[in-house]
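I have placed the structure first, in the form of structure tokens, so that the comments after it can refer back to it.
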Amino acid sequence: MNIITRLILIGAFLFSPLAIAQFETSWDNSRGITQISPHVFRWGAGGSINGLFIPTSDGIILIDGPALPCEPGAGQWLKDELALRYDVPVRYVVLSHDHQSHICGTAVFADTAVAIGHKKIRPHLIREGRIAALPTITFEDSMDIDLGGVKVVLSYFGPTHSDNLIATHIPQDGVLFVPDLGRPEGQLPNPDLRDMYVDSTIEVLGILARMDDVDIVVPGHGSPVSTQAYFQRYREYLTALRERVLSHMVEERSLYEILELVSMDDFSDYTNLEKNLEPNIITMYDYLYRYREPNFPSGLPIRVPQ
Ligand SMILES: [Zn+2]
């Protein structure tokens, strides 16, 4: 696998009409570059995170960074690799969302590139002191990048995993990248529901599942790539979890009781279900606590036990 994932397909393949099936789409997270479609390359530099880049005749479009935890030198490693392979610079750095693990090291491209992100991303980057490029170009709903004959469509469908996660779509290659909402089949995407807007996420997962011109869904974590069926399945999981936890809350059961009562056995196709279920229930409870007003007789605010 290592040999395969270190395979680097360069220049001559960039504009050839090769079928997607001819490209290697699995990934072992080692430092490396893999071409996954006629125009799109996947890259990573350690850990479980990876991003994309798209080389064109007029420059390179980079989407996200490489490592978890933020690996020193990873951005420079990619910059050196790109300089060896192409005689054009990185022109755009797209940040999928503000989470450090996905954008680490992107500032190293600031000498030639402008950074792009959703309009809500900047306060998070500044507040958290992210080690990343700071976007000077932001957008509200959608934005197209047209460079060297490649069109990249950036879309914001609403708050989901963070209030600034965007979808990066390359329609001519059928590639869609929505890290942390897309994972390899059979893996729940997040250890818990932190920084998640659950109701809006359920809606957006439906939009992602129905988008046209999508053959490959690239995870931001792990291997291999998946399909839009992933979004539909996670939508079903999240909807079921929400309804099951909520029904017990309406019956005035405590979080401790709910942890005992909620079963998600009908989603046993998720290989990490057992590990993730408890934190998923706890953080769903937390979300729903702030979503509703119960008929408590006392009306007292929540208190820390003495
Ligand atoms: Zn994230």
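Computed from backbone phi, the HN-Hα couplings of region 261-274 come to 8, 7, 10, 10, 4, 6, 10, 5, 5, 7, 5, 9, 4, 4 Hz, rounded to whole numbers (Karplus: 6.51 cos²θ - 1.76 cosθ + 1.60, θ = phi - 60°; Gly and Pro given as x). Residue by residue, region 168-178 carries 3J(HN,Hα) couplings of 10, 10, 10, x, 5, 9, x, 10, 10, 10, 9 Hz when phi is fed to the Karplus relation 6.51 cos²θ - 1.76 cosθ + 1.60 (θ = phi - 60°); x denotes Gly or Pro. Note on Val178, Val108, Val245: ascending count of other Cβ atoms within 10 Å places them as Val108, Val245, Val178, the fewest first. Spatial offset of region 79-139 relative to region 151-224 amounts to 19 Å, using the alpha carbon center of each.
Database remark: amide H of Val94 closer than 5 angstrom to the amide H of Leu62, Ile63, Asp64, Ile116 (H placed geometrically; neighbours at sequence offset of 5 or more, or on other chains; Pro and chain starts carry no H).
As a proxy for reagent exposure, Ile63, Ile131 were ordered by neighbouring Cβ count within 10 angstrom, fewest first; the result is Ile131, Ile63. Only lysines eight or more places from Lys119 in sequence, or on another chain, were considered; those with a Cα closer than 28 Å are Lys79, Lys151.
Each residue of region 181-188 was assigned a 3J(HN,Hα) from its phi angle through the Karplus curve 6.51 cos²θ - 1.76 cosθ + 1.60 (θ = phi - 60°); the sequence is 10, x, 9, x, 3, x, 10, 5 Hz, with glycine and proline shown as x. By other beta-carbon atoms within 10 Å, ranking Tyr289, Tyr86 with the fewest at the front produces Tyr289, Tyr86. The Cβ shell under 12 Å around Met249 holds other residues with a net charge of -1, Lys and Arg each +1, Asp and Glu each -1. Close amide H contacts of Gly220 (hydrogens built in the peptide plane, cut-off under 5 Å, sequence separation of 5 or more or a different chain): Asp180, Gly182.
Values in this text are rule-based calculations from the coordinates and carry no lab data. Please read these numbers as outputs of a predicted model, since none were measured by experiment. All Cβ positions, glycine included, derive from the backbone under ideal geometry; neighbour counts span all protein chains shown.
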